[in-house]
Amino acid sequence: MHLQLITLTGIAIDQEIYEISAPTAAGPISVFPGHEPLVSVAIPGALAVRYKKGDPDDAREFFAISGGVIEVNQTAVRVLVDEADHGDDIIEAESQAALDRALKLKTEAKNQVDIDHAKELIDRHTVRLQVAGLRRHKRS
Amino acid sequence: MAGTQLLKSRIRSVKSTRQITKAMQLVAASKMRRAQEATKASAPYTEAARELLAGLATRTSVKSHPLFAQRPVKSRLMIVIASDKGLAGAYNSNITKIYVAELKADDKAGIKNKTITVGRKASQLAARLKDTEVIGAYEELPDQPDGNELRAILDSAKSRFMAGEVDAVDVIYTDFISSITQEAKVMRVLPAGFDDTLQPTPSNDVTYEPGTTEVLDGVTYRLVGAQLFQALLDARASEHSMRMIAMKNASDNASDLIDDLTLEMNKARQSAITQELAEISGGVEALSE
């Protein structure tokens, strides 16, 4: 099954895969080849990709995604999200620090722009931390 | 001799100016190349969102979605995209011209106006104007804007549109046509436009989860977001390329000026020498008599 992971900054993945797990508004889903056609709303969270059949859970790759849309048909999956950060690129300590900063920013925010901005940052870094946690689990 | 000293110091100062403009030109050129690449990167995203929308249109009435709602425009929101720094040729003044013209038109038509500014030059300008209410100012956006900045702007525009606080949202930005042509223009992002011409692949057995309404919500949001993001990227690329051209012209002017001044200085020095020689030979002549 072919996966296209499309973000605002370009196509992050464009290759054959075996399984994809993603968080959606109707609950987490896993898609295997031959899945019935489906369009679903993705919510911010961890996207996991298993490239080959029989790959152990450790070999999966994780992405921190923002909200978007997932389109599935028999032979292909198309994931349309604003951002997808590869798990390997996320540094846990950095994300934690950024989350703390964002929380502080929210309490100190004076206007709507700052509050919106802080909320964005909090959502983003919470997801990133979640993905970093999954990766740590994968290593240990 | 005072003349040559003065000219020398002027040449020195023009030379150091040229050094700066040359450096700025090189920096802008390399940033422009990257920004230019980035303007193409979001194309697949827009394309995919369009296709999804076309598919949805076969199942539900796309145009009944609140983001497509066409209302008589009584108040509108303008998102003005300019740069943080100056020295970019006509980049900021082109935007200013259009923005002021739009404000005047709104004023005449009795349309209330709100503004979100991107870039320090835009916020400085909007703060001075009385005809508009600034509801948000974004400064110091990174060179490669990502979804984070976009969502903050998009969400405040969207929530105001959905709440009926504004009836239209326009973006004033500079369209990057090529590295030599850029055009400042106004683009309507809300109410969202829908292109009926795209033929969807007929597929009646597609399941929409949680429902068509939620998916339509998500897709429309992405489509509007992609448009706004494209405007941000285009504005970025235009800024760098206009700055590069402006700095190239400045460097060329400085070179011309240096040539002129050098010529003048050489002339002044030569005439001083001739003068001195004449005085010496005059003195010798006087002595030998």
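Just so you know, all these numbers are worked out from the coordinates, no wet-lab data involved. What you are looking at is a predicted structure, and each value in this text was computed from that prediction instead of being measured. As a convention, Cβ positions derive from the backbone with ideal geometry for all residues, glycine included, and neighbour counts pool all protein chains shown.
Give me B:LEU103, B:LEU87, B:LEU287, B:LEU6 ranked fewest to most by other Cβ atoms within 10 Å of their Cβ, as a rough exposure proxy.
Final ranking by Cβ density, sparse to dense: B:LEU287, B:LEU6, B:LEU87, B:LEU103.
Please give the net charge around A:ALA109, taking every other residue with its beta carbon less than 13 angstrom from that of A:ALA109, where Lys and Arg add +1 and Asp and Glu add -1.
+1
Where a Cα-Cα gap under 18 Å defines reach, which aspartates and glutamates qualify for A:LYS104, not counting those fewer than 8 residues away within the same chain?
A:GLU94, A:ASP114, A:ASP116, A:GLU120, A:ASP123
Along each principal axis of its Cα atoms, how long is chain A end to end? Whole angstroms, biggest number first, please.
The Cα atoms of chain A stretch 51, 34, 27 Å along their principal axes.
If you take the C-alpha gyration tensor of the protein assembly as shown, multiply each eigenvalue by 5 and take the square root, what semi-axes do you get, largest first, in whole Å?
Semi-axis lengths for the protein assembly as shown are 56, 28, 20 Å.
What does region B:26-245 give for Rg and for Dmax, in Å, if only its C-alpha atoms count?
18.1, 57
Helix B:91-109: angle to the longest alpha-carbon principal axis of chain B, degrees 0 to 90, nearest 10?
Roughly 50 degrees between the two axes.
Which of B:ASP259, A:ASP85, B:ASP106 has the fewest other C-beta atoms within 10 Å, and how do the rest follow up to the most?
B:ASP259, B:ASP106, A:ASP85
In nm, to one decimal, how far is the modelled label at B:LYS15 from the one at B:VAL73, with both set 7 Å along Cα→Cβ?
With each label placed 7 Å out from Cα toward Cβ, I get 5.5 nm.
Quote the FRET efficiency, to the nearest 0.05, computed for B:THR58 versus A:TYR51 with a Förster distance R0 of 45 Å and r equal to the Cβ-Cβ distance.
0.85
Could you sort the peptides A:40-49, B:207-216 by per-residue average Cβ neighbour count (10 Å cutoff), highest mean leading?
A:40-49, B:207-216
Can you tally the net charge around B:THR4? Count Lys and Arg as +1, Asp and Glu as -1, for every other residue whose Cβ sits under 12 Å from the Cβ of B:THR4.
+3
Provide the FRET efficiency to the nearest 0.05 for the B:ILE180-A:GLU94 pair, computing r from the beta carbons and using R0 = 45 Å.
0.65
Antiparallel DSSP bridges in region B:26-245: what percent, to the nearest 5?
30 percent
Could you work out, residue by residue across B:47-60, how many beta carbons of other chains sit within 10 Å of that residue's beta carbon, and then give the average as an integer?
Average per residue, whole number: 2.
Taking the highest mean first, how do the peptides B:167-180, B:54-67 order by number of other beta carbon atoms within 10 angstrom per residue? Don't skip to the end; give the middle numbers.
Numbers: B:167-180: 19.6, B:54-67: 16.4.
The packing order, highest mean first, is B:167-180, B:54-67.
Which whole number gives the average, over all residues in B:152-164, of C-beta atoms from other chains lying within 10 Å of the residue C-beta?
2
Expressed in nm to one decimal, what extension gain is obtained for the pair B:THR274 and B:THR212 from 0.36 nm per residue of sequence separation less their Cα-Cα distance? If you can, show how the numbers build up before the last one.
Values: separation 62, 0.36 × 62 = 22.32 nm, distance 9.23 nm.
Gain on extension, B:THR274 to B:THR212, equals 13.1 nm.
Across peptide A:69-75, how many C-beta atoms of other chains are within 10 Å of each residue C-beta, on average?
Counting Cβ atoms of other protein chains within 10 Å of each residue's Cβ and averaging gives 4.
What order do you get for A:HIS125, A:HIS2 when you list them from fewest to most C-beta neighbours inside 10 Å?
A:HIS2, A:HIS125
Checking the cross-link filter: which aspartates and glutamates have an alpha carbon closer than 16 Å to that of B:LYS108, excluding same-chain neighbours under 8 positions apart?
Reachable aspartates and glutamates: B:ASP131.
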